[in-house]
């Protein structure tokens, strides 16, 4: 049942990756990280099983049904529940707990037997021994799992579950470079910027800067790589006031000599020019795990394109699907967000909410006018051997 790998196997995979990844990208993918990723995947599976039982989905799946049929049988609010329930059904099908059959009208799911009794606490204890820095990710997932039933029944919105004032501390701990799960996105993104940043002088605009961990990792990397002096301005933008205050405080404290830092609100779902961003005024737009929650990705990419000077670059660090409809563990949390699960769709490059596959990122960026779209690392060439390598940066250029 479990797909957790032991440290020896994780170390072997890490050595394989080190041999093929670009040198700037490979350091975060240690054996400990790889084993921790499989542990967290198993932890989320066990939380999912708990939700599956507690909400009546297990009883509903005793006989075959489509996602919509099972949502109705369980008495859920369909507009809210369909995406997270479909995700749970596909996860449990992948692990052999459900049978998935393709039929006219869509996939049909049915329990294969009794729902396994698996204790999430066992995995948490193993993770503490392996690498305790991942604990904020566990706390967040467990907290969300407790409120899944009321969310699925339509009694609370996902935003109320995730972002109530009492839970802001969870996000401070999660979106942190001290969190072993999250820091890898910031490190890969920073390495990609160091690789792709235009010549000096550079005006950087970060979208959705959050609590500042992405900017921290990037500025550290620019100092190490000798590009610090090339930055004329770094515009840190964030829409949520609490995140903006914390992010600004963190960056000004860590980088007291960064006179180029500027801070301001920016809504990526509205025209940039009406928010003080002049056309062609930016050399580099950077975003970590931000653009996948754009209400209309095509609109936002076109706004970014307009803000960039000719020859300017866009670099995004994202969690990336390596296969269509792949159910990634972190979606257990973010499927509660309406902006995550229900954006404007643009087939074929935006066929669903949530994370995008490499080909979808390329299609979306090219549709907005970008050229020279590239991925660091080259996930399409990796996914045959590493189907769960789901962290990457995508870079693209505005033509001159």
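To keep it simple, each residue is scored yes or no on (1) outside the structural domain of residue 131 (by TED's automatic domain parsing); (2) without any contact (Cβ under 8 Å) to a residue 40 or more places away in the chain; (3) closer than 28 Å to residue 113 by Cβ; (4) touching a strand residue (DSSP E or B) at 6+ places or on another chain (Cβ under 8 Å).
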| residue | (1), (2), (3), (4) |
| --- | --- |
| 14 | no, yes, no, no |
| 17 | no, no, no, no |
| 20 | no, no, no, no |
| 23 | no, yes, no, no |
| 41 | no, no, yes, no |
| 45 | no, no, yes, no |
| 77 | no, no, no, no |
| 82 | no, yes, yes, no |
| 88 | no, no, yes, no |
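Results for (1) farther than 23 Å from residue 37 by Cβ; (2) at pLDDT 95 or above; (3) in contact with a strand residue (DSSP E or B) (Cβ under 6 Å, 6 or more places away or on another chain), shown as yes or no for each residue.
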{"site": "302", "(1), (2), (3)": "yes, yes, no"}
{"site": "307", "(1), (2), (3)": "yes, yes, yes"}
{"site": "314", "(1), (2), (3)": "yes, yes, yes"}
{"site": "318", "(1), (2), (3)": "no, yes, no"}
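Quick check on my filter: what residues within the range 286-316 are part of a strand (DSSP E or B) and within 18 Å of the chain's Cα centre (by Cα)?
Selection gives 286, 287, 288, 314, 315, 316.
For the range 52-62, state whether one or more residues are surrounded by 19 or more Cβ atoms within 10 Å (Cβ to Cβ) and under 29 Å from residue 178 (Cα atoms). No, because not a single residue in the range 52-62 is surrounded by 19 or more Cβ atoms within 10 Å (Cβ to Cβ) and under 29 Å from residue 178 (Cα atoms).
With respect to the conditions (1) surrounded by fewer than 19 Cβ atoms within 10 Å (Cβ to Cβ); (2) in contact with a helix residue (DSSP H, G or I) (Cβ under 8 Å, 6 or more places away or on another chain); (3) more than 19 Å from residue 316 (Cβ to Cβ), residue 169 lacks only one, and its number is (2). The helices (runs of 4 or more DSSP H) found wholly in the range 74-152 and carrying at least 3 residues that are over 22 Å from the mean Cα position of the chain (by Cα) and surrounded by fewer than 21 Cβ atoms within 10 Å (Cβ to Cβ) occupy 78-94, 120-130. The requirement of being over 22 Å from residue 134 (Cβ atoms), in contact with a helix residue (DSSP H, G or I) (Cβ under 8 Å, 6 or more places away or on another chain) and in a loop (DSSP other than H, G, I, E, B) is not satisfied by residue 52. Tell me, yes or no, whether the range 260-278 has at least one residue that is under 27 Å from residue 371 (Cβ atoms), assigned to a helix (DSSP H, G or I) and in contact with a strand residue (DSSP E or B) (Cβ under 6 Å, 6 or more places away or on another chain). No, the range 260-278 contains no residue that is under 27 Å from residue 371 (Cβ atoms), assigned to a helix (DSSP H, G or I) and in contact with a strand residue (DSSP E or B) (Cβ under 6 Å, 6 or more places away or on another chain).
For the range 272-293, how many residues are under 20 Å from residue 188 (Cβ atoms) and either touching a helix residue (DSSP H, G or I) at 6+ places or on another chain (Cβ under 7 Å) or surrounded by fewer than 24 Cβ atoms within 10 Å (Cβ to Cβ) (or both)? Total meeting the criteria: 9. Screening residue 352 against (1) more than 19 Å from the chain's Cα centre (by Cα); (2) modelled with pLDDT under 95 leaves a single unmet condition, (1).
The values are calculated or read from the model by the stated rules, or taken from the named source; none is laboratory data. This one's a predicted model, so the numbers in the text were calculated from it and none came from an experiment. A quick note on method: Cβ atoms are made from the backbone with ideal geometry, for glycine too, and the neighbour counts reach across all protein chains shown.
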